[in-house]
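The values are calculated or read from the model by the stated rules, or taken from the named source; none is laboratory data. Just so it is clear, the model here is predicted, and its values are computed rather than measured. Quick reminder, even Gly has a Cβ in these numbers, built from the backbone with ideal geometry, and neighbours come from all protein chains shown. The area values use the complete protein model at the heavy-atom level, side chains included, leaving out ligands, DNA and RNA. Shrake-Rupley method; radii C 1.70, N 1.55, O 1.52, S 1.80 Å.
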Amino acid sequence: MSFLSSLDISASALSAQRTRMDIIAQNIANADTIKTEDGTPYRRQLVVFEEKNSFKSYLGESRKKARPAGVKIAAVIKDESPLTPVYDPTNPEADKNGYIYMPNVDKTKETIDAMAASNSYNANITALNAIKAMASKALEIGK
Amino acid sequence: MALFENTSFKLLQKGLDAAWYKQQVTLQNIANDSTPYYKAKSVEFSAVLKEKFKGKKVSLSNASYSDDIETPIDLKVTTTVERGTNQTLDENNVDMEKEQVELADTQYLYSTLIDKINGEFSMIKSAIQR
């Protein structure tokens, strides 16, 4: 029984969902950014989650009781879907045909994603409270 | 210290460990509800419990009760990975409603086991006080 590592499961999920939320905020904030540091239009970013498992479980030492260890962010990738061309010949960033390229951020998609992240966050808070209540209950042994 | 090493204490301890582990797995499932390709894990131990009891007759009239008997239930914990059910396009099959129910269920189980242990202790306490 590992009390602290159990808290880490939910804690890792909380921080992962928070990072996801940060990225969503970044996407919405940059929905109209046509020039980033490297001169290209902003591309939508998304986080990729990966299950975190303790290393021992891979060594087969305790495959039956593989210790769960939460979730981690494997990568933050760029959405390579095409950018939206907008005709705006007066814009200094326009190409020779008069088009500027708007980021591929879909605000509806981002909002739905934000809701999902928020719901996950809440679910993990509930889970954290459940295991906390169990640990407090364990302290009552022998009282 | 044979007082604290009887069968029910051992069993309750195993039960507590198993319930804690089950809760950890539920936590893991909830934590990974948006992980692509993650498959929900489930822990079964009550099934093993019943199987062990099957065909065993417990006779109360048996006068020669010995505390050294082998624990009747070896609480074996098995973790299975659910496959075949898909909830979303990203091949993740965590059912959040089910996990929330598991969470509450295991919490109550754990609570009950603690109460049972405390019951055992109060029995010992009252035996000492006589």
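Observations, loosely collected:
- Compared with the alpha-carbon gap, the fully stretched path from residue A:96 to residue A:81 is longer by 3.2 nm at 0.36 nm per residue.
- If you wrap the Cα atoms of segment A:67-106 in a convex hull and average its projected area over all directions, you get 4.5 nm².
- Cα lying deepest toward the dipole's positive end in segment A:97-143, options A:103, A:142, A:123, charges on Cβ: A:142
- Taken about its Cα centre, chain A carries a charge dipole of about 1080 debye when Lys and Arg each add +1 at the Cβ and Asp and Glu each add -1 at the Cβ.
- Nitroxide proxy distance, nm - points 7 Å out along Cα→Cβ at residue B:122 and residue A:132: 2.8
- Heavy-atom surface of chain A, accessible at 1.4 Å and reported per residue (Å²): 60
- Over chain A, DSSP H runs of length four or greater, each weighted -39,500 (n - 2.57), average out per residue to a 222 nm ellipticity of -15000 deg cm²/dmol.
- Residue by residue along A:129-138, Cβ atoms of other protein chains within 10 Å of the local Cβ number 5 on average.
- Per-residue mean of C-beta atoms belonging to partner chains within 10 Å, peptide A:75-84: 0
- Of A:21, A:76, A:53, farthest towards positive along the dipole that unit charges on Lys, Arg, Asp, Glu beta carbons give chain A: A:53
- Cross-link table B:10/B:98; A:78/B:98; A:132/B:14, entries beyond 22 Å C-alpha to C-alpha: B:10/B:98; A:78/B:98
- Average partner coverage of B:98-107, which counts Cβ from other chains inside 10 Å: 3
- Buried area at the A-B interface (accessible, heavy atoms, 1.4 Å probe, summed, Å²): 2900
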